[in-house]
Each structure stands twice: as structure tokens, then as C-alpha cells.
1. Do any residues in the range 242-258 that are without any contact (Cβ under 8 Å) to a residue 40 or more places away in the chain have Cβ atoms under 7 Å from those of residues that are surrounded by 15 or more Cβ atoms within 10 Å (Cβ to Cβ) and of a type in the set (A, V, I, L, M, F, W, C), where the two are at least six apart or on different chains, and which pairs are they?
2. Filter the range 29-39 for residues that are surrounded by 10 or more Cβ atoms within 10 Å (Cβ to Cβ) and over 18 Å from Thr64 (Cβ atoms) and give the result.
3. Got a number for residues in the range 209-231 being closer than 20 Å to Met260 by Cβ and of a type in the set (Lys, Arg)?
4. When you go through Lys16, Lys42 one by one, which is the residue that is in a helix (DSSP H, G or I), on the phi < 0 side of the Ramachandran plot and surrounded by fewer than 17 Cβ atoms within 10 Å (Cβ to Cβ)?
5. Scanning for something in contact with a Cys (Cβ under 6 Å, 6 or more places away or on another chain) and part of a helix (DSSP H, G or I), does the range 190-204 turn up at least one residue?
6. Give the number of residues within the range 175-188 that are under 13 Å from Asn269 (Cα atoms) and either in contact with a helix residue (DSSP H, G or I) (Cβ under 7 Å, 6 or more places away or on another chain) or not acidic (Asp, Glu) (or both).
7. Looking only at the range 140-161, decide whether some residue is over 27 Å from Asn269 (Cβ atoms), under 16 Å from the mean Cα position of the chain (by Cα), among the aliphatic types (A, V, I, L, M) and assigned to a loop (DSSP other than H, G, I, E, B).
Amino acid sequence: MIIKVRVNKNDNYIFKLCSWDASSFESSQSLTVQSDNLSLLKQAFKEISYIEIFMNDNPVGEYTIFDTFSSMTYLGSVFVPHENIFADGIQITLTKTNIAEQVKRIQEQLDNTIDIDAMTTEEYRTYLLGVISKQCQQEIYDGDYIEISSGNKKFTYKAEDQANIQSAVNILMIVPELEYVPYHASKDNCYLMPSKDMLKIFMTLQLKLTYLVTRCNQFNMWIKGVQTKEELMQITWESELPESFQENLTNIYNYAIYIMQKVSEKIMNSSTPSTNTSDEEVTDETNPE
């Protein structure tokens, strides 16, 4: 007996299976394919609309609930009981992407088919604003390497990172005498991080965010004022800003540094034990018997 899977009704994507059980597949959502060609399997299962299962060319199952795979694992030599042989096996776990991932994938496909030459000036302006915004966001999310007590560590600054770091700083503002807060560098284990390190991380990444967001805003103002498509096509995220926009960026960034210094001073000063004498002691000294 031969058990096969066909993907998207494409005869180029027919693969023999090591085993098949409908009830197990519904719970595990994985197939074990007789192959050692990861590249071909990734190509076949990258975008799924239809999956068919055959036993000796007889259809025994069809599925339309999956649209891609979440993982592929090479298993080495696997016993195939219905053929009584050993064969290379790759386990493929199938999945249904969420709406956001589907939209992103569609957008990437659209980006690859954009005809810039056919765009009007306004269409290209809108397209360029989107490109600049996306590049700015990616730089923010990439974060930075920061020198802290445990060494030079990488910290990303995605939305969840921003929320977590801000939460830790808020705690330090409420309880400034805390010596540690729980956190971790990217892909590192969580540990009790010295408060001064957390403040440095926050200040570094937040200042970078302020700089990049303000720079993006200045690019937007510049792009909106350009009159011709030819001029717009000369602008990239790496371009130098015109003098007036660069001056505004510098002024705002310098003031952001001042704000961060004040925030740091407030927290550090609040964490220093007070040396003031009590009201009772002052009263005794100023009103001797």
C-alpha cells in the first residue's frame, strides 16, 4: 500500500507519507513525509489552499483549513509500516495563520509587484511615506546594544519591550529605593537586573525612539512639500534632511536628552536616604530651655 499527500492539486507536489491516521492528524495537525528535501517541502507547503490524502490512489481525506506550515523537522531514518521499509522522514506541522500574518503576507506579495514607473506623483508620494514609516519602525524595534553591569547586551524595543521597560521604570519611580527589577536582554535568561542598568536601558532606547520618530516626522514634512516625482524618487531613509528639518530634529532631540536627565536625577535622588533632621530636633535646637 502507498499513502500519498498532494498539495494544492499540484502533481509536482505529491509526496509519500510514512504513516497516516485521520484522527491522529486532526489532533496533531502534522504529517510525516518520506523525503530529505527540506527545500522542496518548504516550497510546497509555504502557501496551502488544499490538501488531499490518497491510499493507493484512492482519496481518503481532503483539508482546506490550513494555509501554511509552522515547523519542519528532519527525523532521520523512519520505519514505514505499510511499506515495510525504512525511509528518510520529515515531520511537517501545519497551521492556519492569523489575520495579521495573512495581511502581512499579502502586502509583501503586493510590494513585489509594485510598478513604480506607472505611479503618479501623488501615488508615489503615498508609497514613499509608507516605506519611510516602515523603515523607521524597524529601526526602533531593532533596539540597540547597551553596556550594562553584565556586559554589552542587545535589547530590542518592540511594542511589548516598550511596555515592559516602561512598567519597570514606573515601579522605580514609585519605589526608587529598589536595587533590582526583573528583566533580561534579548534571548537571555531573566534575572534581577540592577536598577541603574534598567534606567540606562530605558534612557538609551527611549531617546533612540524619540530621535527616530522625530526624524520620520521631518521626512514626512519634507516629502509632503516636494513637487515632482523625480525629486521624490531621490529621497530614501538614508538621505540627509534639508537644513531646516535637521535643525528642528536636533533641537527636539537635545531637549529629549534634558528630559531624560531630569527623570534619571529624580529617581536617583529619591533613592538616596534623607539626612534631614526631624522637626522635633529642630524645635529643640531653636528653642533651648
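1. These pairs meet every condition: Pro242/Trp222; Phe245/Trp222; Leu249/Leu241.
2. At the first step, the residues of the range 29-39 found to be surrounded by 10 or more Cβ atoms within 10 Å (Cβ to Cβ) are 29-38.
Thr32, Val33, Gln34, Ser35, Asp36, Asn37, Leu38, listed by residue number.
3. Within the range 209-231, residues that are closer than 20 Å to Met260 by Cβ and of a type in the set (Lys, Arg) number 1.
4. Values: Lys16 fails: in a helix (DSSP H, G or I).
Checking each option against the conditions leaves just Lys42.
5. Residues of the range 190-204 that are in contact with a Cys (Cβ under 6 Å, 6 or more places away or on another chain), as a first pass: none.
No, there is no match, as no residue in the range 190-204 is in contact with a Cys (Cβ under 6 Å, 6 or more places away or on another chain) and part of a helix (DSSP H, G or I).
6. 3
7. Looking for residues that are over 27 Å from Asn269 (Cβ atoms), under 16 Å from the mean Cα position of the chain (by Cα), among the aliphatic types (A, V, I, L, M) and assigned to a loop (DSSP other than H, G, I, E, B), one finds none in the range 140-161, hence no.
Yes/no per residue for (1) buried (at least 17 other Cβ atoms within 10 Å of the Cβ); (2) over 30 Å from Ile132 (Cα atoms); (3) modelled with pLDDT of 95 or more:
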{"site": "Val175", "(1), (2), (3)": "no, yes, no"}
{"site": "Lys187", "(1), (2), (3)": "no, no, no"}
{"site": "Cys190", "(1), (2), (3)": "no, yes, no"}
{"site": "Ser195", "(1), (2), (3)": "yes, yes, no"}
{"site": "Met203", "(1), (2), (3)": "yes, no, no"}
{"site": "Tyr211", "(1), (2), (3)": "yes, no, yes"}
{"site": "Cys216", "(1), (2), (3)": "yes, no, yes"}
{"site": "Met221", "(1), (2), (3)": "no, no, yes"}
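The values are calculated or read from the model by the stated rules, or taken from the named source; none is laboratory data. Predicted model, so just to flag it, every value in this text is computed and none were measured. Counting neighbours? That spans all protein chains shown, and the Cβs are built from the backbone with ideal geometry, glycine included.
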